[in-house]
Every structure is written in C-alpha cells, then in structure tokens.
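Have a look at the structure below, then the notes.
Nothing in this text is a laboratory measurement; each read-out follows from the coordinates by a stated rule. Because the structure is a prediction, the values reported are computed rather than measured. Cβ coordinates were reconstructed from backbone atoms using ideal geometry, including for glycine residues, and neighbour counts include every protein chain displayed.
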C-alpha cells in the first residue's frame, strides 16, 4: 500500500475544490487549475475534523483495483492533486543565477534577453501563466501556479548555457552546486 497515496490532500482556507467525475478543479487567490484523474484512480471530496476541532475539506484518492498499473499511478495522481492545490494557494518559484564575465540578462516586456557569450543575444518569450522577475542583471526568478510549467521554463532558460565544469560559467539554479574539474596541467 502506498504511503503517499493514502495521505489525504488537505484543502487550505481560501481554496475551492470541485470534483466532477474524473476531473478536479481547484480555484484559489492566484488562479484556477484543472486536472484529469486517471481512470484507475477514484477521487472523493470529504469533510474531516481538524486537530483544533474545526471542519476542513480533504481530497482522498484510492486505487480502483489492485493491478500494478493502478498501484503505480495512484500516488502520482495524489501528488498532482496536491501540486494544483498548493499552486492556486501559494504558487511556485524557481531562481536562476547567471555566472560569468559579461553574462547578463534583462527583461524587455514579455521577452527575456540574455547575453551569454555568443555572437548574438538569446531571446526567450515568456509563456502565458508565467511571470519573470529580474533582480539585477544576473538573478532570474520564475513565478507561476503550475509546478510543471515553472520547472520547464527554468530548465529551458538554463539549457541556453548550462554551467561548465572548469570555471562554472553559465546559467544555474540558485541552489545548484556545480562540481568543478581541475584544469589542464602544464
């Protein structure tokens, strides 16, 4: 039995969740997200008592049958439901740093323009539902309610110039540690 799958998803205050068959819709202060649940997983919206005696809504998921595929997809669906509930209430953030002499970026409307040592500037159009903030010319913050989209945009921007192992130049996540290699000996 899955430890992740059996945990209910607790709906925080200010978030409204609707279950319609295999479709769950979460609406919060930051926006609205919809998720289609796999047909091998059942979903139910329930009322439960909190630790302090107040009632709270929870979403409970379960495998419809004991096939290996159903047991595998059940905790994944629970995590995806938790991600949309967290996204509409708190949102997601990823931070990137640009390291290297002459490497910088700036925001021109809805386009991120990066100078990364190439003969040309790299232009990245910000997708719908994602907000970019620049702190100086070397720190990029990606903000959004969809965890997958925030992570994908961060990976796409990092992919323009991943950090190289000798000097550490390139675009990296703020919490990323780049393993450095020793240079060629004379």
**Complete:** Here the relative contact order (percent) of the chain, from C-alpha pairs under 8 Å and at least 6 apart, is 18 percent
**Prompt:** Taking neighbour Cβ counts within 10 Å as the exposure measure, how do 38, 120 sort from fewest upward?
**Reply:** 120, 38
**Message:** Give me the extension gain from residue 79 to residue 141: residue separation times 0.36 nm, minus the current Cα-Cα distance, reported in nm with one decimal.
**Reply:** 19.9 nm
**Item:** Alpha-carbon centroids, the stretch 17-86 and the stretch 107-132: separation in whole Å
**Value:** 36 Å
**Asked** Can you give the calculated 222 nm mean residue ellipticity of the chain, where each DSSP H run of n ≥ 4 adds -39,500 (n - 2.57) and the sum is split over every residue, rounded to the nearest 500 deg cm²/dmol?
**Response** -6500 deg cm²/dmol
**Complete:** When 78, 93 are ranked with the fewest other C-beta atoms within 10 Å first, the list becomes 93, 78
**Fill in**
Computed over the stretch 92-173, the relative contact order (Cα-Cα under 8 Å, seq sep at least six) in percent reads 36 percent
**Request:** Rank the residues 45, 132 as a footprinting-exposure proxy: fewest other Cβ atoms within 10 Å of their Cβ go first.
**Result:** 45, 132
**Request:** Give the shape of the stretch 90-159 as rounded, prolate or oblate, defined through the alpha-carbon gyration tensor: a ≥ b ≥ c are the square roots of its eigenvalues, a/c under 1.5 means rounded, and otherwise the shape is prolate if a/b is larger than b/c and oblate if not.
**Result:** prolate
**Item:** Under 11 Å from the residue 104 label point (7 Å along Cα→beta-carbon), backbone N, the stretch 119-151
**Value:** 136-138
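Dividing the Cα radius of gyration by the Kirkwood radius, what Rg/Rh value follows for the stretch 3-89?
Numbers: Rg = 12.8 Å, Rh = 13.2 Å.
My calculation puts Rg/Rh at 0.97.
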**Request:** Return the distance in nm (one decimal) between the two label points of a simple spin-label model at residue 186 and residue 133, each offset 7 Å from Cα along Cα→Cβ.
**Result:** 4.7 nm
